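One structure is given below, encoded as structure tokens.
No lab work stands behind these numbers, since they all come straight from the coordinates. Note that the structure is a prediction, hence the values are computed from the model and not measured. Cβ atoms come from the backbone with ideal geometry, glycine included; neighbour counts cover every protein chain shown.
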Amino acid sequence: MDLHDKEILPGEILPVVIIGNGPSGICLSYLLSGYTPYLSPEASHPNPLLHSKLEEQPHLSLLEQDLEYLCEGLEGRSSNPVAVLFDSLLLPDSDFGLDHTSPLEWRYEPERAVPHLVLGKGPPGGAWHAMEGSMLTLSLANWMELPGLKLKDWMREKRRNVRNDRATPAEIASYYQHYVSQMSLEQSFACGTTVTSVTRQPGNQEGSPCWRVTGLQHREGEELGDGSSVTEEVPFSLLAHNVVLATGTHDIPARLGVEGESLPFVCHSFWELEAAISRGELDQSSDPVLVVGAGLTAADAVLAAHHLSTPVYHAFRRSVTDPGLIFNQLPKLLYPEYHKVHQMMTRQQYQPSPPPQHHAQNHHDHSTPSSPPSLSQSSSTTSSCPSCYPGYLSFPRHRVVAFRPDHKCVLESDSGQRTVVQVSKALVLIGAHPNLSFLEDNGRPLGINPNDPITCRRNPIEVDPFTNSVVAAEGPGMYAMGPLVGENFVRFLKGGALAIASDLAKRQKEGGAGGAGDLAMDRLTDRWVDRQVTNQTRAEVCVVDS
């Protein structure tokens, strides 16, 4: 949807701008559009303590309750207390494979709506639209759904059975896009937008401090004679009391920073492997593919190559028994394909030959690194079950030292011993960084460690655990959610939406920044409510350029 001057008059300030239109931004938009969770009078929660707390003030919505109080004593698979709370309410006891009905009921109360704008580079769904369409998602299908629309019901309407209770990324992306339409959220979404700057604007006699968000929107321009059209980049600038960072962390693939990493045979995304496979470049006669990394994307690459009988070298920094390894955290019955990869990593490890005697006193001399045996000689390279997975060899606790133009890669173990492998392609799949170029120093000052880049696992943005407000922001009214704060799973990022919506609702009630305390904001909110009630399926939103 184009950003046009239609809904907001020049000089007015939007209460909320959300940067990112993936599941994080979509879920927050749902809560800000008047959809409000209450404890259902007929329902009960399997956790008696939580249920008794909710019954203390059943007339209050979840947004109005003391989230910190409700979170006390809850435990779950997220370090974010509100994420554990909301997950427990949406999917009670799901960690135990149970399918309890949620005790929440959702009421549409348009008078609670907070005017907001969701900015995204592509269609609603964010990075899910860029993911390969056939792989199963890590999470169970119901863990991927958003409030108010059961994913299984939506998929059943499409006459498709959920395989292994899991869906593909393409199906999830389609679900999120449909969700925005089904819940009449479209008028709040502006797609095709790239934010280039978010800065704090000082207050003046006419208003309080706020945030200025500027960027470009890609729009179809003049139509050419052949029926095609020219894409235009139209600048926009708007003001907001509150800004929510919800961009995810899939924008920039992480790099090793080693010699030769820019050589043509070194790739940094799974999709480059897919493209090579589709071009017929890889088969059982190819030199091995080197996969670097021990996450789920690396595992998908191992499976894809192994399916083609293409030999695989697999190098990663951790031990196969490291509790932090994702494979050691996944139930075997739910994720059989990843369990298979973990078995491969464990059972078929590279066992280097002992150094010659005359090198015993100088085993760190890397001038003559060793080479592994042929992958066809798996019996000499495995610690157990020598013929379980032919054509695969893992290198635990190894790092890449260099890539060479002749398609050789130098690996180094923890002990300092180097090994040279000949490869057809190298896939460096060690995670990704968010693109926060619109913030000062790419957002580094906002991280737990302000000297390091923002990453989901090692250095997320530091936020208040019960409001998701950014601790080191230049001023009030900046929030972050989703992978930016360490929540990689859709199941738990919904808690960030609850925390932010709850904090905004309480601030609005108190007449704080972002509330509807002044006359101009009252007018804006009234117009928003009118628009929500009419259930428009498509509306234009504005740009404030002052």
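Computed over the alpha carbons of the range 12-125, Rg followed by Dmax gives 15.6, 49 Å. Taking 0.36 nm per residue of separation and subtracting the Cα-Cα distance, full extension of the segment from Thr231 to Leu303 would add 22.0 nm.
Subtracting the Cα-Cα distance of Glu56 and Glu281 from their residue separation scaled by 0.36 nm leaves 74.6 nm. With each label modelled as a point 7 angstrom along the Cα→C-beta vector, the Ser181-Thr194 pair spans 2.7 nm.
Close amide-amide hydrogen proximity is noted between Leu427 and Cys267, Leu290, Val291, Val292, each under 5 Å apart and 5 or more residues distant or on a separate chain (H modeled in the peptide plane; Pro and chain starts excluded). Hydrodynamic analysis of the range 278-351 uses the Kirkwood radius over alpha carbon pairs. Inserted into Stokes-Einstein at 37 °C and 0.692 mPa s, it gives a translational diffusion coefficient of 254 µm²/s. Stretching the chain fully between His218 and Glu111 yields a gain of 35.2 nm (0.36 nm per residue, less the alpha carbon separation).
Computed on the range 239-331, the Cα convex hull volume stands at 189 Å³ per residue. The range 417-449 and the range 235-308 have Cα centres spaced 11 Å apart.
Under the simplified labelling scheme, the Arg397-Val258 pair shows an inter-label distance of 1.7 nm, with each label point 7 Å from Cα along Cα→Cβ.
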